[in-house]
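Take a look at the structure below.
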Amino acid sequence: MNEKGRFGIHGGQYISETLMNELIKLEEAYNHYKNDPGFNAELNKLLNEYAGRPSLLYYAEKMTKDLGGAKIYLKREDLNHTGSHKINNVLGQALLAKKMGKTRLIAETGAGQHGVATATAAALLGMECEIFMGKEDTIRQALNVYRMELLGAKVNAVTTGTMTLKDAVNDAMREWSNRVSDTHYCLGSVMGPHPFPTIVRDFQSVISKEARAQILEKEGKLPAAVIACVGGGSNAIGAFYNFIPDKEVELIGCEAGGRGVDTPETAATIATGSLGIFHGMKSYFCQDKYGQIAPVYSISAGLDYPGIGPEHAYLHDTGRAKYVPITDEEAVCAFEYLSKTEGIIPAIESAHAVAQAIKVAKNYSKDDCIIVNISGRGDKDVAAIARYRGVDLHD
Amino acid sequence: MSKKLNNKISKAFDNTNKKAFIGFLTAGDPDADSTVNFILEMDRAGCDLIEIGIPFSDPTAEGVVIQEANIRSLGNGMTTDGVFDIVKRVREKSDIPLCFMTYANPVFHYGYDEFFSKCEELGVDGIIVPDIPFEEKEEMEGPANAHNVSVISMVSPTSEARIKNIAEGADGFIYVVSSMGVTGVRNEIKTDIEGIVKHIREVTDTPCAIGFGISTPEQAADMASKSDGAIVGSAIVRIIEKYGKDAAPYLYDYIKSMKDAVASV
């Protein structure tokens, strides 16, 4: 990465002038605190004693035997406080914001996991909190809306555009440009203008830092592959990051294929997108021939995003990571499979990674192992999966 | 030091009191024929420069009024090529200075060179891109300038020490954003505009026009008195939203009142 926050040709700071000084201040503050022993001690205390880190690396023995190939390990980010990996980044950014003198956090959310995590950190650290969530997603994830409100946050249902994650980001950016003096935009993924892709990646890299040490301890060797789902790509970059120098470890990102990459109802950016500039960054985006951002679709609100973080775009360009689309149907089957086989109900987002593991495990030798990042828990998705299967749930 | 491209933008500020009234509308709202008609009417009413918005699916710097104009325009099938066609028809009847206002992606995706070559051919003099700040403007400015198109620089209430660099590299005019947040009508503009303009004047004589939040003749006169011109978008788009295809006479009356206010300073 060079000075302007580039990953190859991707990244940059394509943002309004009103926000530029704030981004510069954020970068300066981050560069100061990331090496500050006091800050790191405080953050590690929160991660360990509040969020429940380190998360387990669980050997999924039944799944391994059933699939008949590589040993499957699950990195259990679903066991973190608030039920997903999102808390790793949120605690880091909230603490940083507080050090910068901010008293208010705003954030976008898709499935609600990042919104819940942000509302949680705001409650804990005594900060005001406002969440932007596409109206469509407030319906799909109604329980999470109430959860955020319980935590003291105000939830704004965004009614513009496709009323999903990208529109929530639009409105969070608009709100931030309206009020920067006391407000930090706690961006939830490895996207947006520099320095966000780097800050979020660093805070999420704890996943691979732990996983790498855990697998070496359990297996005495590195995994053959690390598999994670990718929307903006925060859990995936977190799961990949410390394995990037280990060239023999395959890195596989699973995009939301929706109803199939040959249909318009998909959110698979690497499979169907092209180079563009949006939400502060140069990267790949689903868009039409005039550069209008496409109305993407996935059963998973958290992966329902028309772009991908710039570092993933770069890992794709260099071939260091591979990105594959997983359809709704494959993800739902994997959601059910992991529930029945291991007694773990994964987030529908994470089920995309599970689906890829199910597909490829048998291609590996029994001496190999694969790490699948279970980025979140699936309680929030139970109603949606029931609907998908045509089951009528009564409250 | 600031470069001066030889296009029509300077003409906009070259009138009796050296103050410009700049109007904005979204191309294709409600349709292409109306946009051609509206631009000509805005010219007749006294606009010194017209900003033509190329609609974008996700206009993150816009308030609700212009967001909805973008949605209406795209919903009616407007495209970047459709906007070029609108300009072509305008140019048959008017040589008013024109700038595009849009976002980075439609221009990037069209191809910088192809986009600005069309601009040059049709006589579009400048482009305003709110998601291209000073740090990123090089990739667009190179091809734009090669085709004699100015990339308009923006200065905002939070720019502070950045003003020097931005103003030094500015070309055409400097778009001074009056307020925090997004475009849209505001009752009151509290920013220290005079301070910002003074800061800019220390490094360049490139004209400064104030935009965001201006809707009344009083505000326009006030802003023009503190700078070289006033830019109005949402208030114009609101008239188009209200009267649709029949907006031309209402636009004429409104813009005439605004131009008179700016000219009276």
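The values are calculated or read from the model by the stated rules, or taken from the named source; none is laboratory data. Only a predicted model underlies this, so the values are computations on that prediction, with no experimental measurement involved. Glycine gets a Cβ as well: all are built from the backbone with ideal geometry, and neighbour counts include every protein chain shown. The protein model used for the area step is the full one, side chains on, heavy atoms only, and it has no ligands, DNA or RNA in it. Shrake-Rupley method; radii C 1.70, N 1.55, O 1.52, S 1.80 Å.
When the range A:363-383 is filtered for residues that are open to solvent by less than 40 Å² (accessible area, probe 1.4 Å), within 16 Å of residue A:84 (Cβ to Cβ) and not basic (Lys, Arg), the ones remaining, listed by number, are A:372, A:373, A:374, A:375, A:376, A:378, A:381. Restricting B:225, B:215 to those that are under 20 Å from residue B:61 (Cα atoms) and touching a Lys or Arg at 6+ places or on another chain (Cβ under 9 Å) reduces the list to B:215.
Among the residues of the range A:25-49, the ones that are surrounded by 16 or more Cβ atoms within 10 Å (Cβ to Cβ) and either within 14 Å of chain B (Cβ to nearest Cβ) or under 30 Å from residue A:171 (Cα atoms) (or both) come to 9 in all. Residues that are of a type in the set (Phe, Trp, Tyr) and more than 23 Å from residue B:56 (Cα to Cα) were ranked within the range A:166-214; the one that is surrounded by the most Cβ atoms within 10 Å (Cβ to Cβ) is A:196.
Check the range A:158-178 and report whether any residue there is closer than 21 Å to residue A:102 by Cα and of a type in the set (Ser, Thr, Tyr). Yes, the range A:158-178 contains at least one residue that is closer than 21 Å to residue A:102 by Cα and of a type in the set (Ser, Thr, Tyr). Are there any pairs with C-beta distances below 8 angstrom linking a residue in the range A:207-231 that is more than 30 Å from residue A:283 (Cα to Cα) to a residue that is among the hydroxyl-bearing types (Ser, Thr, Tyr) and open to solvent by 50 Å² or more (accessible area, probe 1.4 Å), with the two at least 6 apart or on different chains, and if so which? The qualifying pairs are A:218/A:59.
Take the residues in the range A:215-234 that are open to solvent by less than 10 Å² (accessible area, probe 1.4 Å) and assigned to a helix (DSSP H, G or I), then tell me which one is nearest to residue A:368 (Cα to Cα). So the residue we want is A:215.
The numbered conditions (1) outside any loop (DSSP other than H, G, I, E, B); (2) within 9 Å of another protein chain (Cβ to nearest Cβ); (3) touching a Leu at 6+ places or on another chain (Cβ under 7 Å) are all true for residue B:71 except (3). Within the range A:259-288, the set of residues being of a type in the set (Asp, Glu) and within 9 Å of chain B (Cβ to nearest Cβ) comprises just one member, A:288.
Of the helices (runs of 4 or more DSSP H) lying entirely inside the range B:193-265, the ones with 1 or more residues being closer than 26 Å to residue B:36 by Cβ are found at B:217-225, B:234-243, B:248-263.
Within the range B:156-178, being polar (S, T, N, Q) and open to solvent by 10 Å² or more (accessible area, probe 1.4 Å) holds for B:158, B:165.
Residues considered: B:77, B:82. Of these, the only one that is more than 8 Å from chain A (Cβ to nearest Cβ) and touching a helix residue (DSSP H, G or I) at 6+ places or on another chain (Cβ under 8 Å) is B:82.
The set of residues in the range A:123-144 that are at pLDDT 95 or above and in contact with a Gly (Cβ under 7 Å, 6 or more places away or on another chain) comprises A:123, A:129, A:131, A:133. Only residues that are assigned to a loop (DSSP other than H, G, I, E, B) and more than 23 Å from residue B:21 (Cα to Cα) were counted in the range B:42-68, giving 5.
Scan the range A:59-79 and tell me whether some residue there is open to solvent by 30 Å² or more (accessible area, probe 1.4 Å), under 30 Å from residue A:212 (Cα atoms), of a type in the set (Val, Ile, Thr) and in a helix (DSSP H, G or I). Taking every residue of the range A:59-79 in turn, none turns out to be open to solvent by 30 Å² or more (accessible area, probe 1.4 Å), under 30 Å from residue A:212 (Cα atoms), of a type in the set (Val, Ile, Thr) and in a helix (DSSP H, G or I).
Taken over the range A:146-160, the criterion of being over 22 Å from the mean Cα position of the chain (by Cα) and within 12 Å of chain B (Cβ to nearest Cβ) is satisfied by A:159, A:160. Scanning the range B:88-139 for residues that are within 25 Å of residue A:11 (Cβ to Cβ), away from every other protein chain (no Cβ under 14 Å) and among the acidic types (Asp, Glu) gives a single hit, B:113. Hey, among the residues in the range A:1-24 that are touching a strand residue (DSSP E or B) at 6+ places or on another chain (Cβ under 9 Å) and away from chain B (no Cβ under 14 Å), which one's surrounded by the fewest Cβ atoms within 10 Å (Cβ to Cβ)? Ranking the candidates gives A:1 first.
Taking every residue in the range B:93-117 that is open to solvent by 30 Å² or more (accessible area, probe 1.4 Å) and pairing it with any residue that is polar (S, T, N, Q) and outside any helix (DSSP H, G or I), at least 6 positions away or on another chain, the pairs with Cβ-Cβ distances below 9 Å are B:109/A:274; B:109/A:287; B:109/A:292. Contact map, the range B:180-207: residues that are more than 14 Å from every other protein chain (Cβ to nearest Cβ) paired with residues that are in a loop (DSSP other than H, G, I, E, B) and acidic (Asp, Glu), Cβ distance under 8 Å, separation 6+ or inter-chain. Pairs shown: B:206/B:171; B:207/B:228. If you go through the range B:146-165 and pick out every residue that is of a type in the set (S, T, N, Q) and facing chain A (nearest Cβ under 7 Å), you end up with 3.
Among the residues of the range B:48-64, some residue qualifies, meaning at least one is away from chain A (no Cβ under 13 Å) and open to solvent by 10 Å² or more (accessible area, probe 1.4 Å).
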